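Just below is one structure, and these are the notes that go with it.
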Amino acid sequence: MNLGELLMAAVVFFSIITFVKILSAHFLKRKIIKTGHFERAGILEQDAEIEVKKQVKYDLYPALKWGLVAFFGGLGFIVMELLAASNPMFKQYDSAMPYGIFFVSISIGFLLYYLIMSKKVKE
């Protein structure tokens, strides 16, 4: 299975999940309105608003986030280049190791940003 097939499967999977989530929220809201509880019909939107408020709190420094991601992505590329000089496995075109190193380094950047922001939010 190549990367394109994997990406296509992931997009289809998440599209189906999103569609089912939207459809079930619609039917639930419709059922709440039909039973006469108009004041509770907005309960589904309140959860979305709370999530947006939490996200805004953590996204105070977007430049820091993308700076850390770019830094660790570049660091991942440097590690891949250094490893390619000494390891013949990296010279093969069908090896998945470079992708793994790159995505792990990007993830470390996001995790570091999360740790910094969670510490700032607690203060």
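The values are calculated or read from the model by the stated rules, or taken from the named source; none is laboratory data. Quick caveat: nothing in here was measured; it's all calculated off a predicted structure. Glycine also receives a Cβ, built like all others from the backbone with ideal geometry; neighbour counts cover every protein chain displayed. In case anyone asks, the SASA skips ligands and DNA or RNA and just uses the protein heavy atoms, side chains included. Shrake-Rupley method; radii C 1.70, N 1.55, O 1.52, S 1.80 Å.
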Original post:
Is there any pair linking a residue in region 1-20 that is assigned to a helix (DSSP H, G or I) to one that is open to solvent by 90 Å² or more (accessible area, probe 1.4 Å) and aromatic (Phe, Trp, Tyr), with Cβ under 8 Å and at least six apart or on different chains, and which?
Top reply: Leu3/Tyr99
**OP:** Identify the residue in region 1-32 that is out of contact with any Lys or Arg (no Cβ under 6 Å at 6 or more places or on another chain), open to solvent by less than 90 Å² (accessible area, probe 1.4 Å) and of a type in the set (Val, Ile, Thr) and, among all such residues, is farthest from Tyr99 (Cα to Cα).
**Re:** Val20
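Out of everything in region 33-63 that is of a type in the set (A, V, I, L, M) and modelled with pLDDT of 75 or more, what residue ends up being surrounded by the most Cβ atoms within 10 Å (Cβ to Cβ)? Break it down into steps so the answer makes sense when it comes.
Keep residues of region 33-63 that are of a type in the set (A, V, I, L, M), which gives 33, 41, 43-44, 48, 50, 52, 56, 60, 63.
With the extra rule that they be modelled with pLDDT of 75 or more, the set shrinks to 33, 63.
Numbers: Ile33: 12, Ala63: 7.
Applying the filter and picking the extreme gives Ile33.
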Original post:
Across region 95-113, what is the total count of residues that are open to solvent by less than 70 Å² (accessible area, probe 1.4 Å) and in a helix (DSSP H, G or I)?
Top reply: 10
